[in-house]
Amino acid sequence: MPFLDLETSLPAAQLPQGLAGKLCSAAAAILSKPEERINVTVKSGLPMVVGGSAAPCAQLLVSSIAVVGTAEQNRGHSAKFFEFLTKELGLGAERILIRFYPLEPWQIGKNGTVMTFL
């Protein structure tokens, strides 16, 4: 059950129509998970500084069970997410950061329990 949080300083009016859905589809393909399990939040118009500069930028936080736990996995994911984000947001790769957070099943609550027991 991957969680993706995209934060950007770009105003909502500058984001492509349907960005959350496009990111959901891309994440499903990149992480080899069904779209029904992907959770996406997009936050725009945030005051942000990346690398000391307040120029337009974005950060993507990717949290998931089992698929973001190694450098090798994340190197591949990073390349694909950067390709998607630079195209969709119109930002250079140097203005985008990605943070990967591996999760354990007991860290995700669903349907009154945790994923460990589902």
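Comparing T86, T70, T41 in a Gaussian network model of the chain, where Cα atoms under 10 Å apart are tied by springs, the biggest mean-square fluctuation is seen for T70.
Between Q73 and L61, what length in nm is gained on full extension when 0.36 nm per residue of separation is reduced by their alpha carbon distance? Before the final figure, lay out the partial values.
Values: separation 12, 0.36 × 12 = 4.32 nm, distance 1.50 nm.
Gain in length upon complete extension: 2.8 nm.
For the chain, the carbon plus sulfur part of the accessible surface works out to 55%, probe radius 1.4 Å. In angstrom, the C-alpha Rg and Dmax of the stretch 50-118 are 15.2, 45.
Principal-axis analysis of the Cα atoms of the chain puts helix 19-31 at an angle of about 50° to the longest axis. Scaling the Cα radius of gyration of the stretch 3-54 by the globular reference 2.2 N^0.38 Å produces a ratio of 1.28. Put simply, the chain fits an ellipsoid with semi-axes of 26, 15, 14 Å; these come from the alpha carbon gyration tensor as the roots of five times its eigenvalues, largest first.
Set the Förster radius R0 to 30 Å, insert the Cβ-Cβ distance between V49 and S25 as r into 1/(1 + (r/R0)^6), and round the FRET efficiency to 0.05. Can you show the working numbers first?
On the way: r = 30 Å, r/R0 = 1.00.
Here the calculated transfer efficiency is 0.50.
Sort out for me the Cα centre separation of the stretch 51-118 from the stretch 1-32, rounded to whole Å. The two parts, judged by their Cα centres, are 10 Å apart.
Secondary-structure-derived ellipticity at 222 nm for the chain, considering helices only, amounts to -9000 deg cm²/dmol, per-run term -39500 (n - 2.57) for DSSP H runs with n ≥ 4. Between the amide H of L46 and those of T8, S9, L10, distances stay under 5 Å, these residues lying 5 or more places away or on another chain, with hydrogens modeled in the peptide plane. Think of a 1.4 Å ball rolled over the protein heavy atoms: the chain then has 55 Å² of accessible area per residue. For the chain, the longest principal axis of the alpha carbon atoms and the long axis of helix 71-89 meet at an angle near 50°. Placing +1 on each Lys and Arg Cβ and -1 on each Asp and Glu Cβ, with no other charges, gives the chain a dipole about its Cα centre of roughly 40 debye.
Give the percent of DSSP beta bridges with both residues in the stretch 40-114 that are antiparallel, rounded to the nearest 5. Please report the intermediate quantities before stating the final value.
Working: 3 of 11 bridges.
Here the antiparallel bridges make up roughly 25 percent for the stretch 40-114.
The values are calculated or read from the model by the stated rules, or taken from the named source; none is laboratory data. No experiment lies behind these values; they were computed from the predicted model shown. Counting neighbours? That spans all protein chains shown, and the Cβs are built from the backbone with ideal geometry, glycine included. Note: accessible area is taken over every heavy atom of the protein model, side chains too, but ligands, DNA and RNA are not part of it. Shrake-Rupley method; radii C 1.70, N 1.55, O 1.52, S 1.80 Å.
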